[in-house]
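These notes are about the structure you will find just below.
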Amino acid sequence: MSQEQAAAGQLELEAFIRRRIAEAGGITFAEYMGHCLYHPEYGYYMAPRERIGKGGDFFTSSSVHSLFGRLVGRQFLQMGELLGGDGFTVAEQGAGEGHLALDILDALAEESPEFYRTLRYRLVEISPDNRDRQERLLAAHRERVEWCTLDELQGMEGCFLSNELVDAFPVHLVEKRDGALREVFVVSEGDGFAEELRAPSTPDIAGRFTGLGMELAEGNRAEVNLESTRWMRRVGGLLGRGFVLTIDYGYPAAELYSPLRRSGTLLCYHRHRTSEDPLRNVGLQDITAHVDFTSLQNSGEEAGLDSLYFGHQYQFLLGLGFVEGLLQLQARETDEKRARALRLTLKNLIMPDGGMGETFKALVQGKGVGRPQLLCSRSIGDISLPAGMF
Ligand SMILES: C[S@@+](CC[C@H](N)C(=O)[O-])C[C@H]1O[C@@H](n2cnc3c(N)ncnc32)[C@H](O)[C@@H]1O
């Protein structure tokens, strides 16, 4: 998309949002964020543009290195063995450009061809632009891959996967003022938009805090992702038997809504720069908020999903064989400069400060599978490393 097209799209989207505000007398931040990201023509995710990787606005783990997908594929192989039967379905929702799917499929085709032959990889995608990108990227795996709606997954057996989907759901923004919970609404102001604090649009917002047994501290701002728990209940209802693997950045509720977190976690990404102003660059920037994993687990339980594993991304990847994977890749590198570059790239996936190792979490839930010992839950002490490594 050219700069002119982007600017024209922004004006159209702003005009649309202004009309909605005039009609409704102000809209919730959640509605505003929904239009910015998912307006059918001008939304950030819907219009054709580079979003992920160097030429886009942000990196995801799967855009960092294919080892991420290879390791996730190993977890699917074990899940397939646990479920038994003669076919395993992976359903990935919000696959972006499809890199994670590609890396999983490439790795399974190479490492476990029999499992690969029985695998059905189904993608659920809201964005026509991303769907086109996925179709192009996954052309070599055409026989394994298909696109479908959530409803078509009813009764599926296998694993429901998402990586950085939930953080992209529209969130309600709230603040505690004079002892009362107030919600951020978006109104028109001059040529742009402004915030206004009003009474919450729905009792579900206060209900979220009551359900968690928590209160927001006076003066603090936070996000409430009501869509995430509706989604989790739906996914739990769709799954016949198997697993749900959710990878995203976020925290348990006690950490997310801690009194020390004064201004929430809402962030915008535009060309690898972050900003905290979602009312600018309308439709041109990603808007995200960290995920409340406690509420995801609670709503999963309501839908029959047992929490089997919850950990930092670095623990998850180490359990799946990150170190062995790194050593194998390194052994193939004859050039020391490239081997060093590889180590630095892979470090991003597990590094705590500034990397993706700690803020990112992995949650595995199960339905009708008992309490298996998952590969990802192996601790570093249980993993045999090559002699002489330490
Ligand atoms: C941040 S990107 C995910 C990145 C990707 N999983 C990766 O590993 O690179 C968010 C994705 O979720 C999709 N998405 C958002 N809401 C969705 C929904 N309700 N149903 C299906 N896809 C959705 C977006 O179009 C986009 O593909």
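The values are calculated or read from the model by the stated rules, or taken from the named source; none is laboratory data. None of these values were measured; they are calculated from a predicted model. Reconstructed Cβ throughout: ideal geometry from the backbone, glycine too, with neighbour counts over all protein chains shown. What goes into the accessible areas is simple: the full protein's heavy atoms, side chains included, and nothing from ligands, DNA or RNA. Shrake-Rupley method; radii C 1.70, N 1.55, O 1.52, S 1.80 Å.
Brief remarks follow.
- Antiparallel %, DSSP beta bridges [both residues in the chain], to 5: 60
- Over segment 281-381, Cα pairs under 8 Å with separation of 6+ residues give a relative contact order of 43 percent.
- Helix 322-331 axis, angle to the chain major axis (alpha carbon atoms, nearest 10°): 60
- Fraction of accessible area attributable to carbon and sulfur, segment 3-366 (%, probe 1.4 Å): 48
- Heavy atoms of the protein chains alone define the surface here; on that basis segment 279-361 has 45 Å² accessible area per residue at 1.4 Å probe size.
- Pairwise FRET efficiency - residue 254 versus residue 78, Cβ, R0 = 25 Å, nearest 0.05: 0.25
- Taking max minus min of the alpha-carbon positions on each principal axis, the chain gives extents of 64, 49, 44 Å, largest first.
- The C-alpha atoms of the chain define a longest principal axis, and helix 293-302 lies at about 80 degrees to it.
- Taking Cβ atoms as reference points and 13 Å as the exclusive limit, the residues near residue 341 contribute a net charge of +2, counting Lys and Arg as +1 and Asp and Glu as -1.
- √(5λ) per eigenvalue of the Cα gyration tensor, segment 235-279, largest first, Å: 30, 18, 9
- Tilt relative to the chain, helix 226-238 - C-alpha long axis, 0 to 90 degrees, to 10: 40
- Counted by Cβ distance under 9 Å from residue 47, the other residues give a net charge of -1, where Lys and Arg count +1 and Asp and Glu count -1.
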